[in-house]
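The next block holds one structure in the form of structure tokens; read it before the comments.
The values are calculated or read from the model by the stated rules, or taken from the named source; none is laboratory data. No experiment lies behind these values; they were computed from the predicted model shown. Cβ: placed from backbone, ideal geometry, glycine included. Neighbour counts: every protein chain shown. Accessible surface is based on the protein model in full, side chains and every heavy atom, while ligands, DNA and RNA are left aside. Shrake-Rupley method; radii C 1.70, N 1.55, O 1.52, S 1.80 Å.
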Amino acid sequence: MKRFFINQNDLSDKFWNIEYEGEEQIVHYGKIGTAGREMTKKFASEEECQKESEKLIAQKMKKGYVEVSPNEEIPAKIEMSEEEKTEFLFWEAIEKSYKYNKKKWDAYDVEEHLEKLTSYLAKHGKERLVSFEKTMQEKLMELYTAQIAELYIILNCDFEKKDGVYYFEEEPYISTDGFIYFRCWLLLKGKEFFEDITKDINAFISGKYHFDIGDTWAEGLLYVSDDAYSENHENEDECEIRDIVYEKYPHINYDNIVEMKEKFAVGKELFKKYPALVEQICDLR
């Protein structure tokens with residue numbers, strides 16, 4: 001039995017082939033267009049060899065590999081733009097730096113995630129850290145919307161319930177710093193959540209995500225790039241990476257945006273606009 005697979009997702013451009021017969025398994029893998037490497041493994045029995053080979057195939061397919069026929073011409077990989085690469089690497093850092101069971105919300109620890117993210121970024125060079133910092137600031141700006149402000153109010157501001165109606169303050173206090181830290185917390189939830197929540201904040205209760213809503217701030221995300229750089233350098237300027245971003249990209253200014261394009265709902269209008277979201281969150285609070 002011989003099977004052929006390729007993975008051309010995101011930054012990958014790899015092949016992985018497997019051949020197994022009797023008690024012997026041969027795996028051939030590498031970058032498409034190269035000779036690659038070959039590895040042979042012997043098993044105690046034909047049954048074990050088949051079982052372990054099928055297990056390996058399932059793992060590869062779960063990681064994004066797709067099967068091709070032996071005579072099929074491998075297509076040229078469509079290269080990502082520099083902007084696409086930058087965004088991919090940003091989300092990869094956030095998601096790969098911390099693994100936990102998302103169904104078990106109480107297993108997640110913000111500070112632990114930030115520590116592991118810092119260690120992950122510390123393995124990379126200055127250019128990658130500048131790229132991460134720039135993308136983070138751009139994503140914070142993308143989250144500066146009326147809908148995200150409404151989610152902040154629902155999760156953090158005072159309310160009362162009268163005759164089945166939830167009332168928030170007509171002039172709720174939204175801390176400038178607190179709203180930044182809240183957006184940092186949203187970013188740590190990963191790309192899929194970010195994309196869902198920017199389309200519709202009702203995604204928060206879609207059932208796909210499980211969070212501890214008792215602590216919705218992640219201020220430390222603002223400092224991970226410089227903290228990561230400091231792990232390998234005597235960094236006299238504690239904000240060296242951030243300062244580079246400020247100088248190279250002066251249009252990025254996530255912490256000094258004057259006004260939103262739309263007005264956010266307040267008072268009982270929030271309940272009218274998001275009845276299920278408000279009821280579920282406020283009942284939990």
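Of note:
- Lys, Arg +1 and Asp, Glu -1 on Cβ, resulting dipole of the chain about Cα centre, debye, nearest 20: 1060 debye
- Per residue solvent-accessible surface (Å²) - the chain, probe of 1.4 Å: 59 Å²
- Residues whose amide H comes within less than 5 Å of that of Ile252, counting only those at least five positions distant or on another chain, are absent (H built at 1.01 Å from N in the peptide plane).
- Nearby lysines by direct alpha-carbon distance to Lys268 (threshold 26 angstrom, same-chain neighbours under 8 apart not counted): Lys161, Lys162, Lys199
- When the surface is traced with a 1.4 Å probe over the full set of protein chains, Val110 keeps roughly 20 Å² accessible.
- Three-way shape call for segment 149-211 based on the alpha-carbon gyration tensor, with the a/c threshold at 1.5: oblate
- Cα centroid separation, segment 239-285 to segment 126-169 (Å): 4 Å
- Once the Cα atoms are used to define both axes, helix 176-187 deviates from the longest principal axis of the chain by about 20 degrees.
- Across segment 74-207, the fraction of Cα-Cα pairs farther apart than 22 Å, rounded to a whole number, is 49%.
- Counting only residues at least eight positions apart within a chain, or on another chain, the lysines with an alpha carbon under 21 Å from that of Lys99 are Lys60, Lys62, Lys63, Lys116, Lys123, Lys189, Lys191, Lys208.
- Helical mean residue ellipticity (222 nm; -39500 (n - 2.57) per DSSP H run of 4+; nearest 500) of the chain: -13500 deg cm²/dmol
- Protection-proxy order for peptides 171-177, 11-17, each taking the mean of Cβ atoms within 10 Å per residue, highest first: 11-17, 171-177
- Share of carbon and sulfur in the accessible heavy-atom surface of segment 46-187 [1.4 Å probe, %]: 47 percent
- Each peptide in 2-8, 54-60, 80-86 gets a packing score, the mean of other Cβ atoms within 10 Å over its residues, and the list from highest to lowest is 2-8, 54-60, 80-86.
- Working value for segment 6-75: equivalent-ellipsoid semi-axes of 23, 13, 10 Å, each the square root of 5 times a Cα gyration tensor eigenvalue, largest first.
- Fraction of antiparallel bridges per DSSP, the chain only, in percent to nearest 5: 100 percent
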